[in-house]
Structures are given as structure tokens and as C-alpha cells.
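Student: Have a look at this one before I ask anything.
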Amino acid sequence: MSEKKKVLLGVTGCIAAYKACEVLRLLQKADVDVKVVMTPSGAEFVTATTFRALSQHEVAIEPIAEYNSPIHHISLAQEPDVFLIAPATANTINKLAAGIADNLLTTTALATEAPIIIAPAMNVHMWRDPSTQAALDILRARGMEIIAPEVGYLACGDIGEGKLATVEEIAERTLAELRRCRDLEGQKMLVTAGPTREFLDPVRFISSPSSGLTGYLIAGEAARRGAEVHMVSGPVELPDPFDVNVIRVTSAQEMYEAVNQVYDEKQPEVAIFTAAVADFRPASKAEQKLKKGADLPGSAAQGIADEEATDESNIAPAYTLDLIPNPDILFSIAQRKGSCYVVGFAAESENIIENGFAKLNAKGADMIVANDISDPEIGFATEYNRWQLLSESGAEDTGTLSKRTLAGILLDRIANRQ
Ligand code: CTP
């Protein structure tokens, strides 16, 4: 029998706190193991005794100093498949957006890798306050799911938005997130990420500004959803995602060899190529640092025009660098992919969809994720992007979303592929 899914239910101080008991029961009915963490003011509304009796677990309220305690914030953070905060007050929402960790619930939210769902409940004016709305925007951008409150008669006597969503809706959306949780279990996945570096000499290279973030988010999210993930990464400044086997390489040639080796050894069901691979490399790499003005190996020295080279400018002679093509890593796998589902990325600056479909055919991939690199608000070195998912079944425009959310959407499509 498979292990029960685990939800950590966070209860904050608000009149709707009693509804958390019903949410807990609905989740239990769906065979979910629920633990409760409360803010101290949450415990003023419904006692820990109630939640202890319902959940059959100790209820976490105050931080515990012993690190081996099962209700220490790190163990609380690591255990759940989903962290649901219902009801969430304006105070807690604003704290979460600012990364404040001043009680066990907010500390756990900061420490957890689990997806976080937030069901706000508050007075209508607190809901409409720009700081609350800005905080919700921040949390959404970080990939948290917000279950919008309803319009209704509020505890304070006002009528407006702020009423906790129905317990059925909260339970249903939590169960939907749990279903996504291990949906890639049993699948092996190969991911390439980051830029490559093509050295001309020991200190100079050709590369791209890719941060590697997209590949790292996809790899981390796939591992969280149960896949066995092997990631071949170029040089980036990101920590290894949890539970992902990371193979670090530098050049395109090294990435090509590592990818083909992993592919042969692991025979993955899915291969996702996010790396910004340099299409060319210098024809040769100098053993020693190249000196300006010296004869340059692998290059044709050309004198700079006399009128440009003055004594004052001290300009070195121009030279031409010979470049030779690198192997196309995606293509090399797509040609022998069998039933492996191959996803490539295409950075386009014009005719995105048309060029993307052309790449889908030329590469022999199952899906191309095309994005527009001409928009400075999205893409390289930003948190956001907008993707066109192109496949045999057509084009899907994701709209502009955080890269974390996009990683989840891509994996949804892969998990549900025919
Ligand atoms: N790719 C690869 N190996 C290469 C080059 C690209 O695996 N040597 C992969 C990338 O990881 C990406 C896709 O192929 O998934 C991009 O294809 P490519 O044709 O190189 O796209 P662009 O770099 O956008 O090329 P072009 O300049 O031709 O548009």
C-alpha cells in the first residue's frame, strides 16, 4: 500500500479558524494525514486540544529547541507534501511576503520546499489594502497558490470580499495539488541546464548570459514530483536542487558526452534540453594566455587600418577567430529517442511560433518551448517568462508567469502526455 499523503495545515488567528477543523476532516476523509501548526493567536480562537484530537498528532505552536523533536520547524517543513495555510490573516500574508519568521508557522513556511497554498480570510478593507494585495502578488509570483476569499457578510459586520473560501473548495484544491505531487514517480528524466563555456585560452571563453534558473527549477520540481532526475549542467551559480543528480560540465563537447552517457545508462522516459549551448567553439585552445599583438594560434592576424592605430590608442592588431561547430546535443538524442519524450527550448527574437515549429521539425523533438528574447521584462536573468508550448497538438500560450510556475506547467503537460 502506498504511503499516505501528508498535509501540514497552518491555522492563524482569525474568526474563521474553526473552519480549519472541517478542512482537516475533509482531507482525512480523502485519506490524507494532516498535522497542524498554529500561530499563538490562532490558538486563541481554537485550542490545540481540538486539533490534537482531530489530527491525532501533537499540535505545533511554539518553536521547540530540541532538534530531534518531531515538531521542530525543520522537521515540520520537510515532512509535508503540501503546506496549506487556512485561514491566513493579512498579518501572516504580509509577513510571508517579507520573509519574516517570527513564529513557528511563518518559520516553517520559510523553511519548507513543499508547495504552499494560502486561503486568506480577513476584513474587506484589510483585503483591499495595497500592502495586502502587493504581498499576495509577491506570493503568487513565488509560485504559491492563493484561494481567493469570497464576498459575504464578514464577522466585523461589513459586507465584501474577505470571507474564507468554502471548506470544500479549499479541500478540493489541496487534493488537486497532492495529486500533482508524485505524478512523475517511476519516470527517469534527463535535463540539461545553464550555459557552456568555450575557451580560447586558459582565461577567456565564449558563453551566454544564461543563469540556468529554468533548468534548475524544472529539475527540482520534477524531483519533488517523484521523478528520478539527472541534470547535466554548465557553469552556474545555483545550488544543486534537492534530490537531483547533478553532473557538472563546462564545454558543449563535455555536455554532449555526459548527456549521451546518462542517456545510454539511464534510458530516461523524458529528456528536457534547457541549456544555452554555444553553437560554436574556437578551432583550437591556446595552452598559454594569448597576448595581444602576438601571433594568435587558430586565428588569422590582420593589421588594423593605419589611420585607426595611433600611438596614443595602444590598440592591438585585430584578429579573426576561427570557430568550428559544436555537436547539437538535443538533435543527437532526438535521432535515437525511441519512446523518450524530448523537449527542446527555442530562444527567438521574431516570428516566435513559426520559427519554433520549424525547430520542432528540424530537431525531431516532441515539444519545443519557444520564448521571445526581444522583451527585456522576461527571459534571460529575470524571474519571469512567457512560453509557447509547441507540439503536434498545436501551440499553447502560457502568458507571463514566474519561471517556477512555468516549470510546473511544463511538467503537467509532460505528466499528462499521450
Ligand atoms: N541545443 C543543444 N545543443 C546545441 C545547441 C542547442 O542541445 N549544440 C538545444 C538547446 O538546449 C535548446 C535547443 O537545442 O533546447 C535550441 O536549439 P537551437 O537550434 O540551437 O536554437 P537557438 O540557439 O535558438 O538556435 P538558432 O540560433 O539557430 O535559432
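The values are calculated or read from the model by the stated rules, or taken from the named source; none is laboratory data. If you're wondering where the values come from, they're calculated on a predicted model, not measured in any experiment. Every residue, glycine as well, gets a Cβ built from its backbone with ideal geometry; the counts of neighbours run over all protein chains shown. Calculation scope for accessible area: heavy atoms of the full protein, side chains included, ligands and nucleic acids excluded. Shrake-Rupley method; radii C 1.70, N 1.55, O 1.52, S 1.80 Å.
Student: Do you know which residues across region 266-282 are more than 9 Å from the ligand (Cβ to nearest atom), open to solvent by less than 30 Å² (accessible area, probe 1.4 Å) and not in a loop (DSSP other than H, G, I, E, B)?
Tutor: The answer is V270, A271, P282.
Student: Now, a different point. If you take the residues in region 247-260 that are more than 12 Å from the ligand (Cβ to nearest atom) and in contact with a helix residue (DSSP H, G or I) (Cβ under 8 Å, 6 or more places away or on another chain), which one is nearest to F199 (Cα to Cα)?
Tutor: V249
Student: Now, a different point. Identify all residues within region 307-330 that are polar (S, T, N, Q) and modelled with pLDDT under 75; write none if there are none.
Tutor: If the condition is that a residue be polar (S, T, N, Q) and modelled with pLDDT under 75, then T310, S313, N314 are the ones that fit.
Student: Could you please tell me which pairs satisfy a Cβ distance under 8 Å, a separation of 6+ or placement on different chains, a first residue in region 222-241 that is farther than 17 Å from S210 by Cβ, and a second residue that is of a type in the set (F, W, Y)?
Tutor: Final answer for the pair search is A223/F242; R224/F242.
Student: I need the full set of residues from region 323-363 which are in a strand (DSSP E or B) and away from the ligand (no atom under 11 Å from the Cβ), in order please.
Tutor: L323, I324, Y341
Student: Take region 360-393 and flag every residue that is on the phi > 0 side of the Ramachandran plot and in contact with a Leu (Cβ under 9 Å, 6 or more places away or on another chain).
Tutor: G364, A381
Student: Could you grab me the full set of residues in region 181-229 that are over 21 Å from N326 (Cβ atoms) and touching a helix residue (DSSP H, G or I) at 6+ places or on another chain (Cβ under 7 Å)?
Tutor: Answer for region 181-229, where residues must be over 21 Å from N326 (Cβ atoms) and touching a helix residue (DSSP H, G or I) at 6+ places or on another chain (Cβ under 7 Å): D183, L184, K188, M189, L213, L217, I218, E221, A222, R225, V229.
Student: Residues to consider are R142, R128, R197; find the one that is of a type in the set (D, E, K, R), touching a Ser or Thr at 6+ places or on another chain (Cβ under 6 Å) and on the phi < 0 side of the Ramachandran plot.
Tutor: None of the others qualify; the one that does is R197.
Student: Okay, moving on. Mind checking which strands (runs of 3 or more DSSP E) fall wholly inside region 189-258 and carry at least 2 residues that are over 22 Å from the mean Cα position of the chain (by Cα) and surrounded by fewer than 23 Cβ atoms within 10 Å (Cβ to Cβ)?
Tutor: Correct list: 198-201, 204-206.
Student: Moving to a separate point now. Inside region 42-70, can you point out the residues that are among the polar types (S, T, N, Q) and at pLDDT 95 or above?
Tutor: T47, T49, T50, S55, Q56
Student: Going by the structure shown, is L389 within 16 Å of the ligand (Cβ to nearest atom), in contact (Cβ under 8 Å) with a residue 12 or more places away in the chain and of a type outside the set (S, T, Y)?
Tutor: In short, yes.
Student: Restricting attention to region 131-175, which residues are among the hydrophobic types (A, V, I, L, M, F, W, C), in a helix (DSSP H, G or I) and open to solvent by less than 40 Å² (accessible area, probe 1.4 Å)?
Tutor: Within region 131-175, A135, L136, L139, A141, V167, I170, A171, L175 qualify.
Student: Among the residues that make up region 40-52, is at least one of them within 23 Å of F242 (Cβ to Cβ) and charged (D, E, K, R)?
Tutor: no
Student: While we're on this one: Could you list all residues from region 267-292 that are farther than 26 Å from I373 by Cα and at pLDDT 95 or above?
Tutor: Those that are farther than 26 Å from I373 by Cα and at pLDDT 95 or above: Q267, P268, E269, A283.
Student: Working carefully through the options I368, I373, I414, find the one that is among the β-branched types (V, I, T), within 16 Å of the ligand (Cβ to nearest atom) and open to solvent by 70 Å² or more (accessible area, probe 1.4 Å).
Tutor: I373
Student: Another one. Identify, from the list I333, I304, the residue that is among the aliphatic types (A, V, I, L, M) and modelled with pLDDT of 85 or more.
Tutor: It is I333.
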